[in-house]
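What follows is a set of notes on a single structure, which appears directly below.
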Amino acid sequence: MLGRKASCLVRGSINIDEFFHVHEIVRPGETISSHGLERRAGGKGANQAVAVSKAGCKVHLVGAVGDDGRWVVDYLNSVGVDTDGIAVVQEATGRAIIQLANDGENCIILHKGANYAPLPALKTPPLSSFTHLLLQNEIPFDETVDFLSGAHGSGVVTIFNPSPMLSDEQISVFPWEKLTWLVVNAGEADHLHGKLSVISAEPGIEVMQKQPTAPVPSTTDQALHLLHLLQRQLPSTVNIVCTLGPSGVIALLPGVPAPEAAEPLCIPAAKLRGPVKDTTGAGDCFTGYLVAGLMELHESGESVHSGYNALRCLRRAVEAAGLCVQKRGAMESIPLRNELDRL
Ligand code: ADP
């Protein structure tokens with residue numbers, strides 16, 4: 001498949017995010033007024049599809065909105081996402097109701113809405129027509145597993161960002177061996193490692209037990225140690241990428257059989273030219289740009305099976321995320337490919 005035009009399928013969520021600006025988060029029984037309201041397109045599937053598209057690659061989003069979400073589909077179209085796979089269903093569009101307090105605190109209610117509606121079969125093109133599949137965890141778990149299995153069977157590169165984190169039971173039944181790239185943040189890596197430890201210790205019995213609470217790693221060294229532990233729990237073919245907010249990214253690439261990829265890769269966060277304005281969607285921007293980088297390698301016939309090429313993809317994704325945090329918004333703050341090239 002090397003050298004073929006790359007095309008990414010994202011099967012994921014599409015939301016309307018409603019931000020209510022308030023002085024303080026509302027307390028039980030209280031009614032307050034907001035002093036500002038913003039409505040933006042969101043959802044991790046849509047955010048990451050936009051990032052792949054803004055990075056200059058072909059991306060097809062499969063998902064669903066209600067009648068109230070047609071403007072979101074129009075917006076996705078306007079930034080180059082192929083929206084033919086988005087169904088308009090009876091349920092309302094998935095929604096995030098976000099209270100944003102003056103001190104920066106927030107409080108979010110999520111409504112799954114159309115993201116959990118069954119999709120008409122026609123909306124799903126054959127997986128074999130894509131080179132990459134990108135998944136998050138804001139749609140029904142069975143859908144995620146079906147898409148992953150179909151893609152794996154068709155030789156498609158699979159990337160999974162388990163956010164929000166899978167439930168304990170889902171972690172225990174997830175087909176990890178079908179995954180090529182796992183993208184997590186430090187909290188997710190920690191949770192996954194904790195749960196997989198319990199599962200492997202007493203299969204089938206301890207899955208639902210609470211794990212001992214250990215602090216989420218706060219230094220790159222601690223995170224690397226955690227990633228090594230996690231790598232031993234996953235099939236030896238899964239490449240693991242872990243984002244660490246302002247500390248950048250670390251990666252273990254056992255699926256890249258090159259000597260230079262035998263060592264962990266550590267990429268510091270981008271040097272910012274201005275202040276951090278909003279980190280919402282930085283992880284989605286990073287993931288979308290990483291996938292676009294993998295797609296470009298595929299198209300150019302260059303192998304991802306070189307640690308140097310993988311490092312280049314990760315570095316570019318980190319630079320993109322650095323630009324993203326200096327602007328407000330989730331999708332809106334994802335930089336275009338040429339903005340990044342100008343850096
Ligand atoms: P998530 O939102 O999924 O938890 P992170 O917070 O780890 O993701 O951020 C993703 C990436 O965005 C980081 O790996 C980093 O490259 C970039 N990033 C996030 N916060 C900052 C920051 N304060 N300064 C520079 N880069 C940042």
Checklist entry - Among the residues of the range 67-109, which ones are more than 19 Å from Glu332 (Cβ to Cβ), open to solvent by less than 30 Å² (accessible area, probe 1.4 Å) and within 23 Å of the chain's Cα centre (by Cα)? => result Gly85, Ile86, Ala87
Item to check | Every pair of residues 6+ apart whose Cβ atoms lie under 8 Å, when the first sits in the range 266-288 and is under 10 Å from Gly322 (Cβ atoms) while the second is in a loop (DSSP other than H, G, I, E, B) and more than 6 Å from the ligand (Cβ to nearest atom) | outcome: Leu272/Gln326; Arg273/Gln326; Val276/Gln326; Cys285/Ser333; Cys285/Ile334; Cys285/Pro335
Checklist entry - Just for the range 281-308: of the residues that are surrounded by fewer than 22 Cβ atoms within 10 Å (Cβ to Cβ) and either under 19 Å from the mean Cα position of the chain (by Cα) or part of a loop (DSSP other than H, G, I, E, B) (or both), which one is modelled with the lowest pLDDT? => result His305
Checklist entry - Just a yes or no: is a residue in the range 180-192 in contact (Cβ under 8 Å) with a residue 12 or more places away in the chain, open to solvent by less than 30 Å² (accessible area, probe 1.4 Å) and more than 16 Å from the ligand (Cβ to nearest atom)? => result no
Checklist outcome for this item: All conditions in (1) under 23 Å from Ala96 (Cα atoms); (2) more than 16 Å from the ligand (Cβ to nearest atom) are true of Gly153 except (1)
Checklist entry - Can you spot a residue in the range 324-337 that is assigned to a helix (DSSP H, G or I) and within 20 Å of the chain's Cα centre (by Cα)? => result yes
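The values are calculated or read from the model by the stated rules, or taken from the named source; none is laboratory data. Being a predicted model, the structure only gives us computed values, none of them experimental. All Cβ positions, even for glycine, are placed from backbone atoms using ideal geometry, and neighbour counts span all protein chains on display. The accessibility values were calculated without ligands, DNA or RNA, using every heavy atom of the protein model including side chains. Shrake-Rupley method; radii C 1.70, N 1.55, O 1.52, S 1.80 Å.
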